1. Yes or no: B:R117 buried (at least 17 other Cβ atoms within 10 Å of the Cβ), within 29 Å of B:P272 (Cβ to Cβ) and not hydrophobic (A, V, I, L, M, F, W, C)?
2. Of all residues being among the basic types (K, R) and in contact with a helix residue (DSSP H, G or I) (Cβ under 7 Å, 6 or more places away or on another chain) in the range B:1-25, which is farthest from the other protein chains (Cβ to nearest Cβ)? Just the residue, please.
3. Scan the range B:226-249 for residues that are among the aliphatic types (A, V, I, L, M) and buried (at least 18 other Cβ atoms within 10 Å of the Cβ) and jot them down.
4. Can you find even one residue in the range A:43-64 that is more than 13 Å from chain B (Cβ to nearest Cβ) and loosely packed, with under 13 Cβ neighbours inside 10 Å?
5. Is the range A:33-40 home to any residue that is more than 14 Å from chain B (Cβ to nearest Cβ), exposed (fewer than 12 other Cβ atoms within 10 Å of the Cβ) and more than 17 Å from B:E20 (Cβ to Cβ)?
6. Considering only the range B:31-40, state which residues are away from chain A (no Cβ under 11 Å) and either free of Cβ contacts under 8 Å to residues at least 12 places away in the same chain or surrounded by fewer than 16 Cβ atoms within 10 Å (Cβ to Cβ) (or both).
7. Which count do you get for residues in the range B:189-207 that are closer than 13 Å to B:V121 by Cα and assigned to a loop (DSSP other than H, G, I, E, B)?
8. Would you mention how many residues in the range B:270-321 are in a strand (DSSP E or B) and farther than 23 Å from B:G255 by Cα?
Amino acid sequence: MAPKPTDLLQGTLDLLILKTVSLEPLHGYAIAARINATSKALLQVPQGSLYPALHRLENKGWLAAEWDETSTGREAKFYKLTRAGRQQLEHELADWKRLTDGIALILGGAEEPSRS
Amino acid sequence: MSWLGRVFRRDKLDRELDKELRFHVETREAELRSSGASPEEARRRALAEFGGVEPIKEQARDARGTRWISDIGQDVRYALRMLRANKGFTAAAVLSLAVGLGANAAVFRVIDGLLLRRLDVKNPQELFLVETTDAGTSRFSHPAYLALAEAAPAAKFAVYTAPTSGQLLIDGSAELHNFQLVSGNWFSLLGVPAAAGRLFDSNDDNAASPQPVAVISDAFWLSNFGRARSAIGSTLTLNNTKVTIIGVAAEGFNGISVGQRVDVWAPVTMQPGLNYRSNASTDNADQSKPWVSQSGIAWLAVIGRAPEPRGALLAVLEGKYHQQVEARIADIHDASRRARFLRDRILLTDASRGVSNLRDTLAPALTVLMGMVALVLLVACANLANLLLARGSARSREFALRLSIGARRGRLIRQLLTESVTLALIGGAAGLLLSIWGAPALLRLVSTTSTAAPLVMPMDWRILSFGFGVTVLTGLLFGLIPALRLSRPEMQDALKAGARVVNAGSRRGRPQVAKVLVATQVAVSMLLVVGASLFVQTFRNLMHIDIGVDRTAVLDARFDTRLAGFDESRLPVLYARLIQAAEQLPGVKSATIGLVGPVTGSARTSGIVAERYQPPPDEDPIVQEEYVGPRYFTTLGMRIVAGRDFDERDNARGRKVAVINEAMAKKFFPGLDPVGRGFGYDDVKEIEVVGVVADVRFNGLKGKVPRLAYYPIAQHGDEFAKNLYVRAAGATSTLPSAIKDAIRRVEPGLAVREVVTIDELAERTVSAERLVSRLTAAFGFLGVFVACFGLYGTIAYSVARRRNEIGVRLALGASPSSVRWMVIRETLLLAVVGAVFGAVLALPLGRYLSTLLYGLSPRDPLTLAASAALVVIVGALAGAVPAWRASRVNPTSALRAD
């Protein structure tokens, strides 16, 4: 039985979105699809949280949004990382590394420290 | 987009959000279709996967961070809709608040302008007056002032006279304006700059060469010259003397006498030139020579400027003043009299708020007023509270419904608070408007002259913030209680069907709170009514005092012959012509002349000796003096007890005569017939008594009746009469203007200040009591009205709530009159409880009022009973309409309705 996709905490979702968008500007649907694909279907973004999160990140100034044409000719809202967003991403990555290293130590050190 | 941008571009953001979400769903849909699903299936699954669109939209909107603003906007719009839908409730609440706040703000503005406001000069707290403990002599001679100033070089001093009426010739006709004589450093001491031209300096009060110069006020510059530059250097004719205008004082400066406007200032050296003869006490000096250089004439008030503390300054001044007193009493050997003079001390009184006679007479009255107005506000707030509570209960089902579909408790509370604060703000704004109109109206009532006293009363931010603070606080407080109560989760019981008959949420708390509030309102309005009736009765008692003169039939035309520049030799002819002109008018019985007047009092007193009278050792046998024309007593309707009135026999050639009043007769000629007896200032044979008249309230309605001697003015040619008395045969309404015209025809150079009845003059001596009586009556009425409103609202609401119960009763056979009685009984109970409570409160509070009352005690049982009766009757009336409505309830519709 395929493991149920894990529920994501709000902070983690922000991190994933920022990371996904750091490579290239994407619209909301593509972000969700990319996360799903890159995590090999281990993670599924609950659709109810995606857009609120995107808007929140946009209001905080970490993402900048622009309406643009997709490859199919439709109009969609593309999000890209701002400079402040890039800094925030680095902070969150550093936090994440600390968190997982710490948890790994407690759980017995059998896991590899996660690759950053 | 910035936060502010997001607040204002809500629509655009909403559209974009919509577009974005639709794009997402449609992309998924396309994906599903391309993997083989049918269009309908693709759509269904895409939507299902996406989840609820609306909640997501809500969350996205929440994430914008502008949610609370749009919520508040929504709340306010909703609140306004609710207020519009319940016009009666809104009107009642707004009216109560407007009245309560408006009255408070108006009274406070007057109190501030008169009692609290500081002078608009530099560092007003440094200003002080130099006064003496023997209050009658707080005036100094010019040499004495110079000596004091020299003794204390660290401080600055200046002198001034009180504002006096002066006659200005403007375009050929005479007008009366206030002017003041001041020292050259007056303006620089106060720190008042010039608006144009220059102000006085030390050269202007050089006694050796008096400068005929003047400074005018900005208000006078505006009204008489339109602020034209040409006014500087032009001449003004003041009291028949030409003076040159050298400058204009800064805008807004009217002198330091609060409540009086000074239009012209002249140097003290112009005293003889301007014929200034008022307010002076003379000691071994010649009043006809210039006063400035005489140390025996004390006529100037001294003002100084020095920073606090002024202890050392006081000591220095004290020492110098003592020297002056010693010099003055050098030839008095009587030890007790010497001691009396030496007891005199210097006082340095604060002058940062200026000086004011108006203030002294009105301060207690205004304080009482402030108390009453605060009570009215209390009643108004109680009204608002009750109305809010009633409204809250009426909406219990609405709120229960909203709770059940998921509204957060905090959101509901916030909405209710928004409603009550909106209501409070509307009421507050209305109150503010009322006070803008009200304060000047109040001021006009307060003023003793025919025009309003010129007080500075700008719209004060203190008042505004206090007013709004009180309203918002009331709204919050009394909106919070129902808000908390209604948003309890247990409220959902109200939705149940059974709620129709039994009122959910109305256990213990609510009806009791409303009843207590209403009873308090009634108690407070009882206090207002008792206070008002005490003051109204006081004023009535005062006005019914027999002043000894025919008050309504006698008119007094007031003028000043000295100011008009009349020579003594022309006076007898003038008097005769004035009397003749008046007696020729239709409707006039007789006319005569008088110096001072029958109620306004006079400070002129002298010591006399009388035939066969031995004064006790320690006594100063003084009498007051009045100078009158022929037939004075008959014209004024005074009772002649013995002897006769004055007539043409009593002229300069005849023997010196006098008519005395009963008080003087009793004192100096006890047990004898005074007619034919003699008295005098140095010799008992100087003056013969030819008549005795009944006492008159010479020193005002409340003053003591003095011992008074009347002299015929024809025998005292140096007295400048100020009044023409005219006795009317019938109606007096057309006479004032007729008299004015007649005088102007006879003597155009004589300005007539006004023509009033003796009654009006008498009222002016008790102007404070008149003011208090009018205003307390008004506020008492207001308070009762507002409380009645509140009572009506509560009872009406209670009836509305109990419609079902009433319907049941009627259906079961109760008579309409029993239903009516049920309601009235409830009303009466509240009214009686409130009245008793109020009466109990009135007893201790009354003690504070006893000094302000006349002719009755603050515990007057008749007053208390009458007030209680009034309050209860008003209460019964308030309940009448709801009672009648209750009896008319249609049982079937009441039971069927929700």
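1. So B:R117 does not fit the description; no.
2. Within the range B:1-25, the match that is farthest from the other protein chains (Cβ to nearest Cβ) is B:R10.
3. B:A231, B:I232, B:L236, B:L238, B:V243, B:I245, B:I246, B:V248, B:A249, listed by residue number.
4. Within the range A:43-64, none of the residues are more than 13 Å from chain B (Cβ to nearest Cβ) and loosely packed, with under 13 Cβ neighbours inside 10 Å.
5. yes
6. B:R33, B:S34, B:S35, B:G36, B:A37, B:S38, B:P39, B:E40
7. Residues flagged as closer than 13 Å to B:V121 by Cα and assigned to a loop (DSSP other than H, G, I, E, B) within the range B:189-207 amount to 3.
8. Within the range B:270-321, residues that are in a strand (DSSP E or B) and farther than 23 Å from B:G255 by Cα number 3.
The values are calculated or read from the model by the stated rules, or taken from the named source; none is laboratory data. Treat the numbers as computed from the prediction; the structure is a model and nothing was measured. Cβ sites come from the backbone with ideal geometry, for glycine too, and all protein chains shown count toward neighbours.
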